[in-house]
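One structure is given below, encoded as structure tokens.
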Amino acid sequence: MTETGFGSHSPEGTVAEIRASVTAGRRSPRDIVDHSFARAAQVRAGADGLNAILWSDIAVAHNEAAALEPRLNGPDAPLLAGVPIVVKDNIATVGSPTTCGSRILAGYHSPFEATAVSRLRDAGAIAVGKTNLDEFAMGSSTEFSAFGRTKHPLDPRLVPGGSSGGSAAAVAAGITPAALGSETGGSVRQPAAFCGIVGVKPTYGRVSRYGLVAFASSLDQIGVFGAHVDDAAAVLQAIAGRDGLDATSSDAPVPDYGEYPPTLRGLVIGKPREYFPHQLDPRIADLCERALDRCRELGAAVREVSLPHTELAIPVYYIVAPAEASSNLARFDGVRYGLRVTDHGLRGMYEATRSSGFGPEVTRRILLGTYVLSAGYYDAYYAKAMRARTLIATDFDEVFRSGVDVLFTPTTPTTAFAAGSRTDPYQMYLSDIFTVTANLAGIPALSLPIGRIDGLPVGGQLLAPHFAEQRLLGVARLLEHSLGAEAHR
Amino acid sequence: MSISLDEVRHIAALARLGISDERAQLAAEELTSILAHMQVLTRVDDERAAGSDTDGKTGMTLRPDLGPPIPLLRAPAFFAPEMREGFFLVPRLATHEDPEPSP
């Protein structure tokens with residue numbers, strides 16, 4: 001397994017196979033950890049190579065593996081027994097740093113752990129590393145990390161997408177079969193599409209945000225990467241559900257994400273015309289059409305629908321998210337966390353610390369967010385954007401109420417692009433054009449590989465009504481099986 | 001519309017960001033360019049979205065960007081354990097690799 005790693009490169013490296021082999025005693029959790037670290041060394045996952053992993057410690061992982069041993073016997077062995085996982089570095093962990101990819105939090109150790117991470121540990125997973133990201137999850141390429149950019153596993157000249165690019169690259173490179181990321185506007189689905197793996201953004205409230213460093217609180221969700229749909233489903237199963245530490249988490253029951261229908265008979269798939277504009281790369285449109293044909297063969301009906309306010313999504317997102325970020329990031333001022341740069345007086349210390357600690361994209365978004373919330377511009381920008389956000393959510397409600405069960409779109413308008421090629425901020429923001437709507441509406445969405453263009457992965461996106469993750473994963477699994485190896489060539 | 005240098009300096013001060021003249025000039029250009037794309041929002045149908053209870057009009061009290069803080073019943077010095085330059089002195093969280101001693 002070391003030569004090919006976990007996940008898509010090896011049928012023996014899925015979450016289910018690891019659990020089965022560990023609980024049967026064929027392999028030990030320590031052996032699995034060793035394979036993961038060997039693969040990371042082989043693909044040079046650290047700063048001298050992919051720069052996907054910011055922190056890892058094999059001794060800590062061995063300790064976790066040893067602690068797991070007594071829980072492996074019997075039929076009640078945990079769901080993710082022995083499964084190695086990497087965690088995006090804006091999710092709080094105890095025993096390792098949590099930097100958010102920012103100089104302002106360099107060396108910061110959280111005194112508490114995110115609920116999602118605690119639940120992974122309870123489920124038997126072993127955290128083997130913290131992954132690189134765009135600073136405070138603000139970006140679409142993982143170029144804006146204070147610790148250097150993450151490289152695409154297939155071509156180091158390209159970006160892996162972002163902001164969860166480190167987690168996506170780690171799974172795509174076979175270091176772990178699954179990973180945690182976070183989503184505010186597509187930061188799991190877009191890198192999943194670029195790297196040729198599965199990425200799931202759950203419904204807002206499905207997974208606790210406790211311990212996720214806040215970027216835009218009304219949009220943020222912890223999401224899941226998997227080499228396969230089943231890998232992502234198993235991890236989502238482990239972390240979903242009400243958490244008393246997050247008032248926005250939902251007490252809606254968590255169904256069995258491992259249950260799938262045998263066919264798509266009776267299912268209606270909507271194809272929103274606004275996601276297939278005439279400018280869309282025809283090769284991406286063709287791959288989407290092939291995926292929809294497979295869904296038809298599986299028994300689904302495909303219906304063209306309209307989400308008329310889609311054109312507002314990027315402007316709305318890039319007002320709402322920076323506005324919330326400008327407030328959430330006010331806490332990083334040198335008093336309580338990380339970096340402190342002394343200057344004249346307390347005010348001078350605040351300003352010197354924040355200007356030294358934040359990188360250019362975070363600074364840009366704080367300025368933008370402060371501007372749209374400031375007197376004289378609040379009504380013109382923020383209030384207007386919030387009204388438009390309601391219209392975007394209403395579009396989805398109306399389509400789903402009309403009898404559409406899921407929607408299918410491309411995940412991104414392009415394949416992975418070259419590092420340094422997008423210098424205009426708004427052009428970078430357009431990378432998220434097909435993904436931000438799900439965050440604005442709070443609905444679940446998933447990206448899975450549907451083919452390649454010039455050797456680079458293309459993702460197809462499925463969207464479903466609130467809390468319909470089981471349906472979403474079911475459609476994705478059947479489509480994944482139908483496409484088979486075609487999804488990766 | 002165009003964002004002026006003075007506006008950038010004003011919002012940087014509100015956001016407690018130290019910003020050089022060169023960075024302020026760049027920010028003015030970037031924000032002007034980004035906000036130009038937001039003009040599409042002027043086409044939003046306010047009537048259709050009027051039912052929204054999340055538009056900031058129902059319950060959130062706005063305040064001006066400037067002005068003194070809201071007056072307290074008692075002066076902060078009355079209940080602060082320690083103060084300097086009008087601010088509370090608080091212990092630094094002991095969760096860093098290289099913590100500094102409290103002043």
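The values are calculated or read from the model by the stated rules, or taken from the named source; none is laboratory data. What you see is a predicted model; the values in this text were computed from it and never measured. All Cβ positions, glycine included, derive from the backbone under ideal geometry; neighbour counts span all protein chains shown. SASA here: full protein model, heavy atoms, side chains in, ligands and nucleic acids out. Shrake-Rupley method; radii C 1.70, N 1.55, O 1.52, S 1.80 Å.
Scanning region A:416-440 for residues that are more than 19 Å from B:A36 (Cα to Cα), in contact with a Lys or Arg (Cβ under 8 Å, 6 or more places away or on another chain) and surrounded by fewer than 24 Cβ atoms within 10 Å (Cβ to Cβ) turns up A:A418, A:A419.
Conditions (1) of a type outside the set (F, W, Y); (2) assigned to a loop (DSSP other than H, G, I, E, B); (3) open to solvent by 10 Å² or more (accessible area, probe 1.4 Å); (4) in the same structural domain as A:M138 (by TED's automatic domain parsing), marked per residue:
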{"residue": "A:G46", "(1), (2), (3), (4)": "yes, yes, yes, yes"}
{"residue": "A:H62", "(1), (2), (3), (4)": "yes, no, yes, yes"}
{"residue": "A:A65", "(1), (2), (3), (4)": "yes, no, no, yes"}
{"residue": "A:N73", "(1), (2), (3), (4)": "yes, yes, yes, yes"}
{"residue": "A:L79", "(1), (2), (3), (4)": "yes, yes, yes, yes"}
{"residue": "A:G82", "(1), (2), (3), (4)": "yes, yes, no, yes"}
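Here is the figure for region A:433-451: residues that are within 15 Å of the chain's Cα centre (by Cα) and either at positive phi or not in a helix (DSSP H, G or I) (or both) total 10. Note on region A:367-377: among residues that are at pLDDT below 95 and within 7 Å of another protein chain (Cβ to nearest Cβ), the one that is most open to solvent (accessible area, probe 1.4 Å) is A:A375. When A:V475, A:V404 are screened for being outside any loop (DSSP other than H, G, I, E, B), crowded, with 21+ Cβ neighbours inside 10 Å and among the aliphatic types (A, V, I, L, M), only A:V475 passes.
Put simply, of A:A285, A:A291 the only residue that is within 23 Å of the chain's Cα centre (by Cα) and assigned to a helix (DSSP H, G or I) is A:A291. Within region A:114-124, one or more residues are of a type in the set (V, I, T), open to solvent by 10 Å² or more (accessible area, probe 1.4 Å) and not in a loop (DSSP other than H, G, I, E, B).
Pairs are defined by a Cβ separation below 8 Å, a sequence spacing of at least 6 or placement on different chains, a first member in region A:306-318 that is within 7 Å of chain B (Cβ to nearest Cβ), and a second member that is surrounded by fewer than 24 Cβ atoms within 10 Å (Cβ to Cβ) and in a loop (DSSP other than H, G, I, E, B); the pairs so defined are A:L312/B:V44. Residues that are facing another protein chain (nearest Cβ under 7 Å), of a type in the set (S, T, N, Q), under 24 Å from the mean Cα position of the chain (by Cα) and open to solvent by less than 30 Å² (accessible area, probe 1.4 Å) are absent from region A:328-351 altogether. Quick check: is even one residue across region A:384-391 open to solvent by 30 Å² or more (accessible area, probe 1.4 Å), farther than 30 Å from A:P457 by Cβ and among the β-branched types (V, I, T)? Yes, region A:384-391 contains at least one residue that is open to solvent by 30 Å² or more (accessible area, probe 1.4 Å), farther than 30 Å from A:P457 by Cβ and among the β-branched types (V, I, T). When A:R273 is tested against the conditions (1) within 14 Å of another protein chain (Cβ to nearest Cβ); (2) open to solvent by 50 Å² or more (accessible area, probe 1.4 Å), the lone failure is (1). Within region A:72-113, being free of Cβ contacts under 8 Å to residues at least 40 places away in the same chain and of a type in the set (D, E, K, R) holds for one residue alone: A:D76. Determine whether A:E469 is touching a strand residue (DSSP E or B) at 6+ places or on another chain (Cβ under 7 Å), modelled with pLDDT of 95 or more and in the same structural domain as A:A137 (by TED's automatic domain parsing). Spelling it out, it is not the case that A:E469 is touching a strand residue (DSSP E or B) at 6+ places or on another chain (Cβ under 7 Å), modelled with pLDDT of 95 or more and in the same structural domain as A:A137 (by TED's automatic domain parsing).
Scan region B:11-38 for residues that are at the interface with chain A (Cβ under 8 Å from one of its Cβ atoms), open to solvent by 60 Å² or more (accessible area, probe 1.4 Å) and in contact (Cβ under 8 Å) with a residue 12 or more places away in the chain and jot them down. Within region B:11-38, B:L14 is the sole residue that qualifies.
For region A:267-322, filtered to residues that are among the aliphatic types (A, V, I, L, M) and out of contact with any strand residue (DSSP E or B) (no Cβ under 8 Å at 6 or more places or on another chain), the residue that is nearest to A:V362 (Cα to Cα) is A:A321. Taking the conditions (1) open to solvent by less than 50 Å² (accessible area, probe 1.4 Å); (2) in a helix (DSSP H, G or I) in turn, A:D397 satisfies each one other than (1). In this structure, is A:G13 surrounded by 23 or more Cβ atoms within 10 Å (Cβ to Cβ), at pLDDT 95 or above and assigned by TED's automatic domain parsing to the domain that holds A:D230? When the stated conditions are applied, A:G13 does not pass them.
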